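Participant: One structure coming up, written as structure tokens, with questions to follow.
The values are calculated or read from the model by the stated rules, or taken from the named source; none is laboratory data. Keep in mind it's a predicted model, so treat the numbers as computed, not measured. Positions of Cβ are generated from backbone atoms using ideal geometry, with glycine treated the same way; all protein chains shown enter the neighbour counts.
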Amino acid sequence: MSAGVETDPGVARDAGPTAEDPVLEIRNLSVDYGFGDDPTHVLRDVSLTLRRGEVLGLAGESGCGKSTLAYAATRLLPPPGLITGGEVWLTGRDGERADLLSLSDAELRAARWRDIAIVFQGAMSSLNPVFRIEKQIVDGILAHRPRMRREEARERAAELLRLVGISADRLRSYPHQLSGGMRQRVMIAMALALEPQVLIMDEPTTALDVVMQRQILEQVMELRERLGFSVVFITHDVSLLVEVADRIAVMYAGEIVETAAARDVYTRPRHPYSAGLLGSFPPLHGPRRELTGIPGAPPDLSAREPGCPFAPRCPHAMDVCRTELPVLGRTAQGEDGRLVACHLHTAGAPLPEEVGR
Amino acid sequence: MRNQLLFLRNGKVVTGLAILGFFTLLAVLGPWLSPYDPNQVSDALLSPPSATHWLGTDHTGRDILSQIIVGARGVLVVGLVAGVSATVVGVLVGVTAGFVGGVGDESLSALSNMFLVIPQLPLIILIAAQLPSAGGLTVALVIGATGWAWGARVLRAQTLSLRKRDFVEAARANGERTWRLVLAEVLPNLTAVIASGFVGTVTFAVLSQVTLSFIGITPVSEWNWGTILFWAQNNLALQRGAWWWFVPAGACIALLGMALTLVNFGIDEIVNPRLRSTGLHARSLRRRGIRPRVGFTPVVREVRS
Amino acid sequence: MSFLLRRIAFYVLTAWAAITINFFIPRLLPGDPVTALLGRMQGRIDSNAEHALRVLFGLDQDATLWQQYLDYWGLLLRGDLGLSFTHFPTPVSEIVNQSLPWTVGLVGVATVIAFVVGSLIGTFLGWRRGTWADGLLPVATFFQAVPYFWLGLITIAVLSVNLGWFPSSGSYDRGLVPAFTGEFIGSVVYYGFLPALTVVLSSVAGWVLGMRNMMVTVSSEDYVTVAHAKGLAERQVMLGYAARNAVLPQVSSFALSLGFVVGGTLIMEMVFSYQGIGYTLYQAVSTHDYPLMQGCFLVITLSVLVANMVADLAYALLDPRTRTEDR
């Protein structure tokens, strides 16, 4: 784990690499949905740092903007998505930094998959149904290594499949001939084809059964040890994140409400929403807790109210929560390496039990 | 309710409905609006458009504008009758097939696919040509009897997906009778699909009927826009350069067909939200420097208000 | 394999249905146009041919319907479609045989060109949604709504009568003897250009709109996003991933709408007096030549069925999911 002193991401303005060696740095990213006069602001000033070799978990209910963040950072958000501000700094293998949002199309195309690869939610729909697995892996390799011979790329594809525990003769299969778990492994193999520095995994195991989930996760973690890439792991299942992630960022209504080391979020959540999320999932290990869940649903982002977006569902909401938007800052306890966006921590009053442990 | 408002806010739909309204007016008031009796011959043989004959005259001096105005009724009535009858058959076959499933579904689907694959126009020609008198209504019914298959196919698919939805399952579990289930739960949800099928069939019926009149299968004394083209073709309007004889009638058919297509676009956009172009106005996007592209989200660093 | 077997079974069934419809139409419809004609031909027609016509048109009152049906099939299997009234005593099958190749050549080539060109334009329009390309949509809508034959009339008026670039009717220079010579083939292409152009113009819009909508739908599929994420060249994503999948429903709707398209394009032969099966049907209708009409309908339907099977075969080649049943 690479816990340490973290600079306030909203304040970090210098473009030089910091001591923690960030490989991906998202700064003040804002995204609208809709090209019209009244767009929905789905992401507001989101900042996030992924350090080299780290597994960063992105948690939150569905519709909180986790996937939007991943898509927007790579400019893959489909129309009518619109990036209205921010920077996404990627540190290349040679140590050179580039803002993905300012790159030309050709430069961005070159950086995709080579530096930053994505495993999408549905493995069935992520694979093109009319092409063999082999072609889909080879296409990705050859797009970045035009000089490579086809046979070489094919051998590389076979090697990749073996890496994720699938026999190489499956290369000649079509996606519909593979099981769900196998398809997801193929996607992972494909994503690792160019040995990217960053692997974004968007709910990679949601559609799979629990046994398959564990197998695939263990495999990814093992591969990470061996190949040394960093991972952004997106899921709504916080207890799963605690298992795999070094750090966790909790998102709500298009904003990050808490970041901290994984174990800290799990044992001592600082935001009422994080606490609520933890109560919604059974822990994979350890004593059983009572599942409570959070009453209500995430807000409709097209009709934002002033104040903290979580206030209507928050058991500890105060008057200020309904009028003022809290900003990401230090916790009331003044802990290093954690940030929270909650008025409870700035009010000075004693914290409620569930966020004050 | 919100959907209906959306429907009427759609520019395409409004344009389409306006054109349809215009032609409907012609169809209803035609005989009173037309300046001449369309069958009345005069001395002005094959004269180009003038103040007395706005769209000129044909080879026996009949007024072409009057023929078009009076002919509108023939076109619309056939379109409407054929559209309604084909839609009724289509709904019956499609919804039944989608709802009963199993062998019944297989055979009904095969039946509608057959009617789709067999070329309809030659079949209609074959039937119409052997009828002792193929007047407008007869032709409409023949078109309706052969043109229901497309609607049935689409409706079947839609019913099939509806049948699996929760609310239908729930009603079924409550022991609701099948016919009630279909009337109360399924049909209301098929409105858009049925409407789109209806509009499509009307388009097809109008084109078929005009074609049949053009090749002289329907009685040439019954005025519709196809009949005008029949007279024009048989009296060498093309070779004589009498453009006013065949251009306006064809343009009217095209305009009517376009209006129907526009209405159908609007319905399609309701059924398939991905086709909605809301907010995608090329000009305003260009002004703001947004270039919508698949795979490259536009980045526009605007000053936030 | 089972996909193709099912399709073949369907086509056999449809062919049977078309033949049976052909059998029943003259029997079910009121009026009896053939008897009068037979009366006029009394003595000039040999008894065999007269029997064939009686079978085809259900005038065999002594036989049961079942017996009539069997006789009818017997005739068809021998390729006997009766005698044409207007071209008496030429057999219908002979006339149909002469005109069919012209139709297959003209309508077939033009339809395939329209499909390919339309799908390519539609690919582009769908990919570039929300740009100036959207401005082409109303144009396509207009062409889709125009009746085929009217477009034919307009092209004749402009390109043939006014400009005199192309002949307005016929299928080759009558001064030439049909043969496999450069001159004759050139004449066929020259005469066929205008009707082919009209067929393409009038049917291309439907393919454009269909493909455009499929591209819009497919572009938001995950595998297209993945293709972008892989950093593939734009052309490769557009053609290799998006269009490659969008064309599948396009091909199956090609099969289904073939009947409709062919129906419309046959009218074009009538406008251009092009000696194909559509023109023959037109002549048969205007001269009340019922045996010829029936024969034309059968041949048109069976040809469309064959074209359909080809389209299905293409679909099976394009979509691996239809080929393999195993997991």
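Participant: Considering the range A:292-331 alone, what residues qualify as being small (G, A, S), closer than 17 Å to A:V250 by Cβ and at pLDDT 85 or above?
Facilitator: Hits for the range A:292-331 are A:A311, A:G329.
Participant: Give just the number: which of (1) over 14 Å from B:L46 (Cα atoms); (2) within 10 Å of chain C (Cβ to nearest Cβ); (3) free of Cβ contacts under 8 Å to residues at least 40 places away in the same chain does B:V220 not satisfy?
Facilitator: Unmet condition: (2).
Participant: Just to check your reading of the model, which residue among B:A51, B:A86, B:A27 is part of a loop (DSSP other than H, G, I, E, B) and at negative phi?
Facilitator: Numbers: B:A86 fails: part of a loop (DSSP other than H, G, I, E, B); B:A27 fails: part of a loop (DSSP other than H, G, I, E, B).
Matching residue, one of B:A51, B:A86, B:A27: B:A51.
Participant: Of the residues that sit in the range B:83-127 and are among the polar types (S, T, N, Q) and farther than 21 Å from C:I25 by Cα, which one is modelled with the highest pLDDT? Walk me through it before giving the result.
Facilitator: Just the residues of the range B:83-127 that are among the polar types (S, T, N, Q), to begin with: B:85, B:87, B:96, B:107, B:109, B:112-113, B:120.
Within this subset, residues satisfying the condition of being farther than 21 Å from C:I25 by Cα are B:87, B:96, B:107, B:109.
Working: B:T87: 92, B:T96: 87, B:S107: 87, B:S109: 87.
Restricting to residues being among the polar types (S, T, N, Q) and farther than 21 Å from C:I25 by Cα, the top hit is B:T87.
Participant: Which residue, of C:S220, C:S257, C:S252, C:S203, is within 13 Å of chain B (Cβ to nearest Cβ), within 30 Å of C:L137 (Cβ to Cβ), surrounded by fewer than 17 Cβ atoms within 10 Å (Cβ to Cβ) and touching a residue at least 12 places away in the same chain (Cβ under 8 Å)? So that I can check it myself, show each step before the final result.
Facilitator: Numbers: C:S220 fails: touching a residue at least 12 places away in the same chain (Cβ under 8 Å); C:S257 fails: surrounded by fewer than 17 Cβ atoms within 10 Å (Cβ to Cβ); C:S203 fails: surrounded by fewer than 17 Cβ atoms within 10 Å (Cβ to Cβ).
Result: C:S252 is the single residue among C:S220, C:S257, C:S252, C:S203 that is within 13 Å of chain B (Cβ to nearest Cβ), within 30 Å of C:L137 (Cβ to Cβ), surrounded by fewer than 17 Cβ atoms within 10 Å (Cβ to Cβ) and touching a residue at least 12 places away in the same chain (Cβ under 8 Å).
Participant: Mind listing whichever residues of the range C:281-327 are over 17 Å from C:G79 (Cβ atoms) and hydroxyl-bearing (S, T, Y)?
Facilitator: C:Y282, C:S286, C:T287, C:Y290, C:Y315, C:T322, C:T324
Participant: Right, something else. Give A:R172, A:R185, A:R154 a once-over and let me know the one that is in the same structural domain as A:L127 (by TED's automatic domain parsing), buried (at least 20 other Cβ atoms within 10 Å of the Cβ) and of a type in the set (D, E, K, R).
Facilitator: On the way: A:R172 fails: buried (at least 20 other Cβ atoms within 10 Å of the Cβ); A:R154 fails: buried (at least 20 other Cβ atoms within 10 Å of the Cβ).
Going through A:R172, A:R185, A:R154 in turn, the sole match is A:R185.
Participant: Right, next: Would you tally the residues in the range A:161-187 being away from chain C (no Cβ under 14 Å) and assigned to a loop (DSSP other than H, G, I, E, B)?
Facilitator: Total satisfying the criteria: 4.
Participant: Quick check on the range C:232-240. Is at least one of its residues facing chain B (nearest Cβ under 10 Å), on the phi < 0 side of the Ramachandran plot and not in a helix (DSSP H, G or I)?
Facilitator: Filtering the range C:232-240 down to residues facing chain B (nearest Cβ under 10 Å) leaves C:232, C:234, C:237-238.
Cutting the leftovers down to on the phi < 0 side of the Ramachandran plot gives us C:232, C:234, C:237-238.
From the residues that got through so far, the ones that are not in a helix (DSSP H, G or I) too are C:232.
Looking for residues that are facing chain B (nearest Cβ under 10 Å), on the phi < 0 side of the Ramachandran plot and not in a helix (DSSP H, G or I), one finds at least one in the range C:232-240, hence yes.
Participant: When the range A:119-129 is examined, which residues are found to be of a type in the set (A, V, I, L, M) and either surrounded by fewer than 20 Cβ atoms within 10 Å (Cβ to Cβ) or not assigned by TED's automatic domain parsing to the domain that holds A:L199 (or both)?
Facilitator: Initial filter on the range A:119-129 (of a type in the set (A, V, I, L, M)): A:119, A:123-124, A:127.
Selection gives A:M124 alone.
Participant: Taking the conditions exactly as written (touching a residue at least 40 places away in the same chain (Cβ under 8 Å), polar (S, T, N, Q) and more than 14 Å from chain B (Cβ to nearest Cβ)), does C:S99 satisfy them or not?
Facilitator: no
Participant: Inside the range B:169-182, can you point out the residues that are more than 17 Å from B:G94 (Cα to Cα) and either touching a strand residue (DSSP E or B) at 6+ places or on another chain (Cβ under 8 Å) or surrounded by 14 or more Cβ atoms within 10 Å (Cβ to Cβ) (or both)?
Facilitator: B:A171, B:R172, B:E176
Participant: So, in the range B:78-129, exactly how many residues are aliphatic (A, V, I, L, M) and within 7 Å of chain C (Cβ to nearest Cβ)?
Facilitator: Taking the range B:78-129 first, the residues aliphatic (A, V, I, L, M) are B:78, B:80-82, B:84, B:86, B:88-89, B:91-93, B:95, B:97, B:100, B:103, B:108, B:110-111, B:114, B:116-118, B:121, B:123-129.
Now narrow it down to the ones that are within 7 Å of chain C (Cβ to nearest Cβ): B:110, B:114, B:116-118, B:121, B:123, B:125-127, B:129.
Matching residues across the range B:78-129 total 11.
Participant: Report whether or not C:G263 is of a type outside the set (S, T, Y), within 18 Å of C:T198 (Cβ to Cβ), at pLDDT 85 or above and in a helix (DSSP H, G or I).
Facilitator: Numbers: of a type outside the set (S, T, Y): yes; within 18 Å of C:T198 (Cβ to Cβ): yes; at pLDDT 85 or above: no; in a helix (DSSP H, G or I): yes.
It is false that C:G263 is of a type outside the set (S, T, Y), within 18 Å of C:T198 (Cβ to Cβ), at pLDDT 85 or above and in a helix (DSSP H, G or I).
Participant: Taking C:T198 as the residue in question, decide whether it is in contact with a Gly (Cβ under 6 Å, 6 or more places away or on another chain), on the phi < 0 side of the Ramachandran plot and surrounded by 20 or more Cβ atoms within 10 Å (Cβ to Cβ). Full working, then the answer.
Facilitator: Details: in contact with a Gly (Cβ under 6 Å, 6 or more places away or on another chain): yes; on the phi < 0 side of the Ramachandran plot: yes; surrounded by 20 or more Cβ atoms within 10 Å (Cβ to Cβ): yes.
Yes.
Participant: Also, I was wondering about something else. Would you say C:Y274 is hydroxyl-bearing (S, T, Y), in contact with a helix residue (DSSP H, G or I) (Cβ under 6 Å, 6 or more places away or on another chain) and not in a helix (DSSP H, G or I)? If you could, list the steps in order and put the result at the bottom.
Facilitator: Working: hydroxyl-bearing (S, T, Y): yes; in contact with a helix residue (DSSP H, G or I) (Cβ under 6 Å, 6 or more places away or on another chain): yes; not in a helix (DSSP H, G or I): yes.
Yes.
Participant: Now for a separate question. Quick one: which residue in A:D99, A:D115, A:D105 is more than 13 Å from chain C (Cβ to nearest Cβ) and either under 21 Å from the mean Cα position of the chain (by Cα) or among the charged types (D, E, K, R) (or both)?
Facilitator: Values: A:D115 fails: more than 13 Å from chain C (Cβ to nearest Cβ); A:D105 fails: more than 13 Å from chain C (Cβ to nearest Cβ).
A:D99 is the lone residue from the list that is more than 13 Å from chain C (Cβ to nearest Cβ) and either under 21 Å from the mean Cα position of the chain (by Cα) or among the charged types (D, E, K, R) (or both).
Participant: Another question about this same structure. If you go through the range C:301-316 one residue at a time, do you hit one that is farther than 28 Å from C:A49 by Cα and out of contact with any helix residue (DSSP H, G or I) (no Cβ under 9 Å at 6 or more places or on another chain)?
Facilitator: The initial filter retains those residues of the range C:301-316 that are farther than 28 Å from C:A49 by Cα, namely C:304-316.
Remaining after also requiring out of contact with any helix residue (DSSP H, G or I) (no Cβ under 9 Å at 6 or more places or on another chain): none.
No, there is no match, as no residue in the range C:301-316 is farther than 28 Å from C:A49 by Cα and out of contact with any helix residue (DSSP H, G or I) (no Cβ under 9 Å at 6 or more places or on another chain).
Participant: Tell me, which strands (runs of 3 or more DSSP E) lie completely within the range A:202-276 with 3 or more residues that are in contact with a Ser or Thr (Cβ under 8 Å, 6 or more places away or on another chain)? First the steps, then the outcome.
Facilitator: Values: elements: A:230-234, A:247-252, A:255-261.
Passing ranges, in order: A:247-252, A:255-261.
Participant: Within the range C:277-304, can you find the residues that are surrounded by fewer than 22 Cβ atoms within 10 Å (Cβ to Cβ), part of a helix (DSSP H, G or I) and at pLDDT below 85?
Facilitator: Scanning the range C:277-304 gives a single hit, C:S286.
Participant: So, one more: Among residues belonging to the range C:93-104 that are surrounded by 17 or more Cβ atoms within 10 Å (Cβ to Cβ) and not polar (S, T, N, Q), point out the one that is farthest from C:G240 (Cα to Cα).
Facilitator: C:I95
Participant: Here's a follow-up. Please specify each residue of the range B:130-155 satisfying the condition of being facing chain C (nearest Cβ under 10 Å) and either touching a Gly at 6+ places or on another chain (Cβ under 8 Å) or surrounded by 24 or more Cβ atoms within 10 Å (Cβ to Cβ) (or both).
Facilitator: B:Q130, B:L131, B:P132, B:G147, B:A149, B:W150, B:R153
Participant: Going residue by residue through the range C:311-321, is there one that turns out to be modelled with pLDDT of 90 or more and either more than 7 Å from every other protein chain (Cβ to nearest Cβ) or in contact with a Cys (Cβ under 9 Å, 6 or more places away or on another chain) (or both)?
Facilitator: Taking the range C:311-321 first, the residues modelled with pLDDT of 90 or more are none.
No, there is no match, as no residue in the range C:311-321 is modelled with pLDDT of 90 or more and either more than 7 Å from every other protein chain (Cβ to nearest Cβ) or in contact with a Cys (Cβ under 9 Å, 6 or more places away or on another chain) (or both).
Participant: Taking C:T131, is it more than 13 Å from every other protein chain (Cβ to nearest Cβ), more than 22 Å from the chain's Cα centre (by Cα), of a type in the set (S, T, N, Q) and surrounded by fewer than 17 Cβ atoms within 10 Å (Cβ to Cβ)? Working first, answer last.
Facilitator: Working: more than 13 Å from every other protein chain (Cβ to nearest Cβ): no; more than 22 Å from the chain's Cα centre (by Cα): yes; of a type in the set (S, T, N, Q): yes; surrounded by fewer than 17 Cβ atoms within 10 Å (Cβ to Cβ): yes.
In short, no.
Participant: Identify, please: which residue in the range A:71-92 is crowded, with 23+ Cβ neighbours inside 10 Å and among the small types (G, A, S) and is, among those, nearest to the other protein chains (Cβ to nearest Cβ)?
Facilitator: Once the filter is applied, the top-ranked residue is A:A72.
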